[in-house]
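The values are calculated or read from the model by the stated rules, or taken from the named source; none is laboratory data. Just so you know, these numbers come straight off a predicted model, no measurement behind them. Cβ atoms come from the backbone with ideal geometry, glycine included; neighbour counts cover every protein chain shown.
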Ligand code: KG4
Ligand code: ZN
């Protein structure tokens, strides 16, 4: 079986091929030009996807040693994401499926992330708790099987990655914020400032806007970011990172106490964060659980996870018609397998 995966939900264009269970291509083209705007410009993103998607497809086929005719299944991200960006990949995939008469599966981007741990040699074991932390979403999911996902909690305001991006901006560091905060924090004292660690009681929900505001107030009280020396900025970055990651770990631990699971998986762009990786690994060790955190290539947006998810859905009897519409938001009730 040969599956082609296509991902264009935000600022990465990605094409992947899984050939008889083996990932033979996962090409990712990142739109670095958004950096100068301090965030993703949707219209520019759509145009860039449009330019690069066909060359990426050709290259993915070439390095996989297959032709389009060999492909059995095409999976593409249908949402959540930027509507114009989603439309490029989804329409491209539907066009291929129609002209070549191939099977088609529309993939939920978050479900792609949830199963991205399965791209690693040592895979999660069902049931597992999955912490999804990306630029647009923060979710805690109880994953019973490929088709039974139970949403335990979500952020009530900012996503974890969004908080990294916003605080990075406040500190005059670059975009995307996560890697900048992580690097700046390396030379900082994480105990210098006691930022609030959010804990919404006995729920699995997160909140990060209070933390972001308290970083803003702190900087304002110092007379603005221009008044801060390099060490002070590093200390703020480290103290912020600690508070945010601790809040994630509190909920992960709550889920471990409540649900009997075999593994933990931490996925999404923020799963690239070394502090989070260390804290989650320590937690897993103390609860004697297996932990799977995808390698960098599979933490950020990539089509390998989309191809993999399309294949698992297809093998479970799911396929879609070619009039499947993109959905920009997760709340559009477009999850295929979620129960609440
Ligand atoms: O999953 P992703 O690539 O795109 C979305 O679906 O949103 O996640 C992007 C997010 C950005 O907010 C970025 O700042 C964050 O992941 N990120 C990190 C790190 N690397 C990327 N956050 C914390 N630490 C990192 N090392
Ligand atoms: Zn993502």
Check: Looking at this structure, is residue 85 more than 16 Å from ligand 1 (Cβ to nearest atom) and either outside the structural domain of residue 159 (by TED's automatic domain parsing) or modelled with pLDDT under 95 (or both)?
Finding: no
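Quick one: is residue 104 in a strand (DSSP E or B), at pLDDT 95 or above, more than 16 Å from ligand 1 (Cβ to nearest atom) and more than 20 Å from residue 267 (Cβ to Cβ)? Walk me through it before giving the result.
Details: in a strand (DSSP E or B): yes; at pLDDT 95 or above: yes; more than 16 Å from ligand 1 (Cβ to nearest atom): yes; more than 20 Å from residue 267 (Cβ to Cβ): yes.
Criteria met by residue 104.
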Next item on the list: Looking only at segment 144-166, count how many residues are touching a residue at least 60 places away in the same chain (Cβ under 8 Å) and either in a loop (DSSP other than H, G, I, E, B) or away from ligand 1 (no atom under 16 Å from the Cβ) (or both).
Entry: 8
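What are the residues in segment 169-228 that are touching a residue at least 60 places away in the same chain (Cβ under 8 Å) and in contact with a strand residue (DSSP E or B) (Cβ under 8 Å, 6 or more places away or on another chain), if any?
Going residue by residue through segment 169-228, those that are touching a residue at least 60 places away in the same chain (Cβ under 8 Å) are 169, 171-176, 178-179, 181-182, 185, 204, 206, 208.
Across segment 169-228, the qualifying residues are 204, 206, 208.
Please specify each residue of segment 53-84 satisfying the condition of being under 30 Å from residue 163 (Cβ atoms) and crowded, with 20+ Cβ neighbours inside 10 Å. Outline the logic, then answer.
So in segment 53-84, the residues under 30 Å from residue 163 (Cβ atoms) come out as 76-84.
76, 77, 78, 79, 80, 81, 82 - these are the residues of segment 53-84 that are under 30 Å from residue 163 (Cβ atoms) and crowded, with 20+ Cβ neighbours inside 10 Å.
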Notebook entry, point to check: Within the bounds of segment 37-50, is there any residue that is assigned by TED's automatic domain parsing to the domain that holds residue 67, out of contact with any helix residue (DSSP H, G or I) (no Cβ under 9 Å at 6 or more places or on another chain) and assigned to a loop (DSSP other than H, G, I, E, B)?
Noted result: no
Notebook entry, point to check: What number of residues in segment 171-183 are in a helix (DSSP H, G or I) and either buried (at least 20 other Cβ atoms within 10 Å of the Cβ) or near ligand 1 (Cβ under 6 Å from one of its atoms) (or both)?
Noted result: 6
Item checked: Number of positions in segment 10-32 that are within 16 Å of ligand 1 (Cβ to nearest atom) and outside any strand (DSSP E or B) -> 4
Checklist line | Options 144, 169: the member that is away from ligand 2 (no atom under 16 Å from the Cβ) and under 30 Å from residue 258 (Cβ atoms) | finding: 144
